[in-house]
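Every number here is computed from the coordinates shown, using simple stated rules; none is lab data. Just so you know, these numbers come straight off a predicted model, no measurement behind them. Virtual Cβ from ideal backbone geometry, glycine too; neighbours counted across all protein chains shown.
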Amino acid sequence: MNYSELFIAIKGYLENDFPSTVFTDSAGSSSSGAATLTSTEQINTFITQAEQRIYNTIQFPSLRSNVTGTLTANNKYLACPSDFLAVYSLAVIRATGAYEYLLNKDVNFIRESYPIPADTGVPAYYALFGPVSTNEAELTFILGPTPDAAYSMELHYFYYPESITTTASGTTWLGDNIDSVLLYGSLVEGYTFMKGEADLMAAINTKYQDALMLAKRLGDGMERRDAYRSGQARVPVQ
């Protein structure tokens with residue numbers, strides 16, 4: 001299901017064209033402090049909220065990204081990518097090409113274990129430090145010990161893929177492979193916005209949960225096993 005098909009389906013299922021809506025300020029004025037949402041903006045919000053909910057419920061392999069970079073000698077901080085949400089692994093790449101994976105610790109562990117920043121070596125630990133004064137918009141890792149050379153690094157991390165609402169092709173992995181969860185997730189958000197009837201809201205949410213279960217079976221189940229290691233899936237015979 002591409003973006004256009006999803007857009008039309010949401011309006012059709014909810015029987016609502018979502019005409020432009022004017023939201024007034026606290027005084028009820030529609031002239032000052034008012035915001036107007038078009039039909040496209042409203043429906044795009046439903047879709048992006050559904051995507052965020054799905055991506056935080058199921059760990060699809062398509063949500064993994066990786067980057068390589070270079071540490072700065074005598075600098076114990078390493079900037080995270082701008083789209084970084086959570087880490088899967090962080091490794092030092094030696095000159096020989098060998099990977100040495102760092103262990104995730106708390107900031108206080110690194111501060112106590114390596115209290116003197118001038119003490120340097122090959123990093124063995126890392127922690128999510130938070131923003132630093134030089135770049136308060138992005139998160140930063142702190143390393144222990146402080147790097148003694150400009151080592152190459154490889155980071156695998158969790159991120160949000162580009163939304164189906166903004167891709168040039170109008171397609172995404174989620175829309176192409178398991179569109180039912182994206183559709184019903186968007187319907188849940190849309191019907192909540194409409195303040196719909198409780199019984200129909202429950203019915204839509206049930207369909208969403210059913211689709212979510214199928215998606216979870218794929219992302220957290222089938223894509224993480226094979227028949228050689230785990231054996232074939234079997235249904236017990238009574």
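Overview of results
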| quantity | calculated |
| --- | --- |
| Dipole magnitude of the chain about its Cα centre (Cβ charges: Lys, Arg +1; Asp, Glu -1), debye to nearest 20 | 740 |
| Relative contact order computed over the chain (Cα-Cα under 8 Å; 6+ residues apart), in percent | 25 |
| Set of the range 83-112 residues, backbone N closer than 18 Å to the point 7 Å along the Cα-Cβ line of residue 159 | 83-91 |
| Contour excess over end-to-end distance, with Cα ends at residue 86 and residue 122 and 0.36 nm allotted per residue | 10.7 nm |
| Rounded, prolate or oblate (a/c below 1.5 giving rounded, otherwise prolate when a/b exceeds b/c) for the range 172-232 by Cα gyration tensor | prolate |
| Mean separation of Cα contacts under 8 Å (6+ apart) over length of the range 175-238, as relative contact order % | 32 |
| Contact order normalised by residue count of the range 116-238, Cα under 8 Å, 6+ apart, percent | 15 |
| Pairs from 11/195; 76/105; 105/216 whose Cα-Cα separation, in the structure shown, is over 19 Å | 105/216 |
| Charge context of residue 2, other residues only, Cβ under 13 angstrom, K/R +1, D/E -1 | -3 |
| With Cα atoms, 0 to 90° folded angle of helix 179-193 axis to the chain main axis | 70 |
| The range 112-201: GluC sites (Glu not before Pro) in DSSP loop, at most 15 other beta carbons within 10 Å | 136, 138, 162, 197 |
| The range 83-124: C-alpha gyration tensor shape, a/c 1.5 cut-off, then a/b vs b/c | oblate |
| Size of the chain as Cα extents on the principal axes (Å, biggest first) | 67, 65, 33 |
| Inverse of mean 1/r across different Cα pairs in the range 137-238, Kirkwood, Å | 18.2 |
| Gyration tensor verdict on the range 88-159 (Cα atoms; rounded if a/c is under 1.5, prolate if a/b is larger than b/c, oblate otherwise) | oblate |
| Mean ellipticity per residue at 222 nm, deg cm²/dmol - from DSSP H runs of n ≥ 4 across the chain, formula -39500 (n - 2.57) | -10500 deg cm²/dmol |
| Gained length - residue 45 relative to residue 17, 0.36 nm times residue gap less alpha-carbon distance | 8.6 nm |
